[in-house]
Amino acid sequence: MIEVRNLYKRYHGPFGGDWVLKDVNFRIPANTSVGILGRNGAGKSTLLRIIGGMDAPDRGSVIRNCRVSWPIGLGGGFQGSMTGRQNVKFVARIHGGGDHIPEIIKRVQDFAEIGKAFDQPVKTYSSGMRSRLGFGLSLAFDFDVYLSDEATAVGDAAFKAKATKAFKDRVGTASIIMVSHQVGMLKDLCQAGVWIHEGEAIWFDDIHEAIKRYHESIGK
């Protein structure tokens with residue numbers, strides 16, 4: 001279960017800044033996958049980062065009574081001077097990989113499909129390569145909730161299909177909180193939805209209702 005309470009967030013510039021998220025409240029039940037919708041710049045990725053603990057709200061809190069992944073697809077969080085292999089090994093140690101670290105490294109390497117770049121510094125990677133590495137690394141651990149920020153939009157058609165299958169294989173054993181412009185994907189994987197509009201996040205028990213409100217807001 002994840003609960004977002006009275007959450008406010010804005011990014012401060014030299015002249016202040018408007019609230020990206022304001023007084024956001026919702027509760028995600030266990031074993032419920034959620035699609036997050038909204039216009040570009042609405043605050044979808046910001047909300048996902050806050051849920052994952054990669055960003056902090058100005059006010060409010062997020063209560064996590066489960067193991068939550070980092071946002072897959074953002075491609076951040078890696079040490080640029082270290083290779084992909086070294087980054088994976090480091091994260092595996094933090095998460096208590098123990099004797100399974102070689103197996104985890106191989107699993108990530110096979111899934112990411114970045115070839116010799118796996119042993120090159122991550123700072124030399126394209127954004128797509130970082131995303132592939134992050135995707136593979138997230139899937140190497142058994143989280144209760146996986147966070148996805150357009151993760152299935154990365155790479156060629158074959159990799160997109162592979163990424164989509166990886167999520168579908170986890171439905172039933174884990175939940176997904178997903179930001180995606182691929183409405184069909186949200187319908188396939190999510191039961192509930194959150195529509196972000198003008199800083200407010202509106203919860204829908206039915207993903208189809210969330211998609212309908214989102215389409216109405218953009219004139220579709």
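No lab work stands behind these numbers, since they all come straight from the coordinates. Small disclaimer: the values here were computed from a predicted structure and weren't measured. Cβ placement follows ideal geometry from the backbone for every residue including glycine, while neighbour counts extend to all protein chains displayed.
Close amide H contacts of Ile176 (hydrogens built in the peptide plane, cut-off under 5 Å, sequence separation of 5 or more or a different chain): Ser33, Val34, Tyr146. Computed from phi, the 3J(HN,Hα) profile of segment 212-220 under the Karplus parametrisation 6.51, -1.76, 1.60 (θ = phi - 60°) reads 4, 5, 4, 4, 4, 6, 9, x, 9 Hz, with x in place of Gly and Pro. Proximity of backbone amide H atoms, modeled 1.01 Å from N, is registered between Glu113 and no other residue at under 5 Å, excluding neighbours fewer than 5 places apart on the same chain. For Cys66, no residue has an amide H sitting under 5 Å from its own, ignoring neighbours fewer than 5 places away on the same chain, with H placed 1.01 Å from N. Using C-alpha pairs below 8 Å separated by at least 6 residues, the relative contact order for segment 139-219 is 23 percent.
Ranked from largest, the principal axis spans of the Cα set of segment 6-108 equal 47, 37, 23 Å. Nearest 10 degrees is fine. How inclined is helix 127-139 to the longest principal axis of the chain, computing both from alpha carbons? For helix 127-139, the angle is close to 90 degrees.
Working note: Cα atoms of segment 54-197, range along each principal axis, descending, whole Å: 41, 36, 29. With R₀ fixed at 25 Å, the C-beta to C-beta distance from Asn40 to Thr124 puts the FRET efficiency at about 0.30. Computed from Cα positions, the angle between helix 157-170 and the longest principal axis of the chain comes to roughly 70 degrees.
Beyond 11 Å, what share of the Cα-Cα pairs of segment 175-217 is found? Please give it as a whole percent.
I get 64 percent for the Cα pairs in segment 175-217 exceeding 11 Å.
Here the 3J(HN,Hα) profile of segment 41-58, calculated from phi with Karplus coefficients 6.51, -1.76 and 1.60 at θ = phi - 60°, is x, 6, x, 5, 5, 4, 4, 5, 5, 5, 4, x, x, 8, 9, 10, x, 6 Hz, Gly and Pro shown as x. A simple rule links phi to the HN-Hα coupling: the Karplus curve 6.51 cos²θ - 1.76 cosθ + 1.60 with θ = phi - 60°, which for segment 97-110 gives x, x, 5, 8, 4, x, 5, 5, 4, 5, 4, 5, 4, 5 Hz, with x for Gly and Pro. Net charge dipole, segment 86-220: roughly 540 debye, given to the nearest 20, about the Cα centre with Cβ charges of +1 for Lys and Arg and -1 for Asp and Glu.
For the pair Lys212 and Phe26 in one chain, pulling the backbone fully straight at 0.36 nm per residue adds 65.0 nm over the alpha carbon distance. For Ser69, the shell of other residues with beta-carbons less than 14 Å away shows a net charge of +1, using +1 for Lys and Arg and -1 for Asp and Glu.
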